[in-house]
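The block underneath contains the structure these notes are about, expressed in structure tokens.
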Amino acid sequence: MKIRLVGKNLEDIRPLLALADFAEAGEGETPELVVTHGGDGALLGAARDYPQLPILPVRDARTAPLCPRHECRIQLEAFRAGRTRLLPLPMISGAVRDVTLHALNDVFLHNMDRSSALRYRVRINGELYANEVVGDGVGLASVHGSTAYYKSITHSIFRVGIGLAFSNSTEEVSHLVLSESSVIEIEVVRGPGILIADNSPVRPVVNEGEIVTLRQSDRTARIYGLDNFMCPACRALRHPGANPRPVGWTF
């Protein structure tokens, strides 16, 4: 199978690619799969840059120790044997003017000037939810992303829908879990703001009076072996003092 290999310390994984019958696609060749070697950032980048291809994420053992069940060699052999599960993950989109960003985890509108709060108005499905919120920002997360920045803001996670989180707002506004069909419009009352989608280098400035539209994306990331990538035993090696994830949670 022809693959695109991305990430860091690729010299560690290249000698093992044959275990899964992988060969890197050359110039003019079309890959069938993206293999990421790294951490969450490599996976987020691949989901953004290769929306048409499935992804097999493998953690870089130099920076993320792996438990015995998920050593790189074992994961590649399991993929070749057809034992690696493919999971579709809905993505999130954020649009302003003629720019649309897609993210596996979340899209956030932040205050551009860290010393000055952002003022914004929120509409959900065309109805006014908050006339003016003052804070650091607001963003929309996917189910997968609910264990990341969304969790650090809300101290919660969710299993269905999309999650709207308000960062350091002075008003009492509730974080919301909405249906996947919901459309959220954020109008900047005082800014400017900056729109950030995962770790994308594209970060458009949002000026006063402009509207950001947040919703579930029409893109779906297809991830092989996400349960291996998010293994609780591997995570415990990376973060010895961290609280364990809920039982059965593979995101």
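Quick notes on this one:
- Annotation note: Cβ proximity below 9 Å between a residue of region 34-54 that is more than 15 Å from Glu24 (Cβ to Cβ) and a residue that is among the hydroxyl-bearing types (Ser, Thr, Tyr) and in a loop (DSSP other than H, G, I, E, B) (sequence gap 6+ or interchain) occurs for Gly38/Thr63; Gly39/Thr63; Leu44/Ser200; Gly45/Ser200; Arg48/Ser200.
- Filtering region 95-144 to residues that are over 12 Å from the mean Cα position of the chain (by Cα) and either assigned to a loop (DSSP other than H, G, I, E, B) or assigned by TED's automatic domain parsing to the domain that holds Leu53 (or both) leaves Arg97, Asp98, Met112, Asp113, Arg114, Ser115, Ser116, Ala117, Asn125, Gly126, Asp136.
- Among strands (runs of 3 or more DSSP E) entirely within region 146-251, having at least 1 residues that are among the hydroxyl-bearing types (Ser, Thr, Tyr), touching a strand residue (DSSP E or B) at 6+ places or on another chain (Cβ under 8 Å) and closer than 24 Å to Asp49 by Cα singles out 211-224.
- Yes/no for Ala23 being in contact with a strand residue (DSSP E or B) (Cβ under 8 Å, 6 or more places away or on another chain) and surrounded by fewer than 17 Cβ atoms within 10 Å (Cβ to Cβ): yes
- Lone qualifier among Ala117, Ala81, Ala103, Ala95 - being of a type in the set (Gly, Ala, Ser) and touching an Asp or Glu at 6+ places or on another chain (Cβ under 6 Å): Ala103
- Looking only at region 112-159, residues that are among the small types (Gly, Ala, Ser) and surrounded by fewer than 15 Cβ atoms within 10 Å (Cβ to Cβ) come to 5 in all.
- Any chance Gly193 is more than 29 Å from Leu66 (Cβ to Cβ), of a type outside the set (A, V, I, L, M) and crowded, with 19+ Cβ neighbours inside 10 Å: yes
- Test for Asn207: is it surrounded by fewer than 19 Cβ atoms within 10 Å (Cβ to Cβ), modelled with pLDDT of 95 or more and in contact with a helix residue (DSSP H, G or I) (Cβ under 6 Å, 6 or more places away or on another chain): no
The values are calculated or read from the model by the stated rules, or taken from the named source; none is laboratory data. Predicted, not measured: the structure shown is a model, and the values here were computed from it. We place every Cβ from the backbone using ideal geometry, glycine too, and count neighbours over all the protein chains shown.
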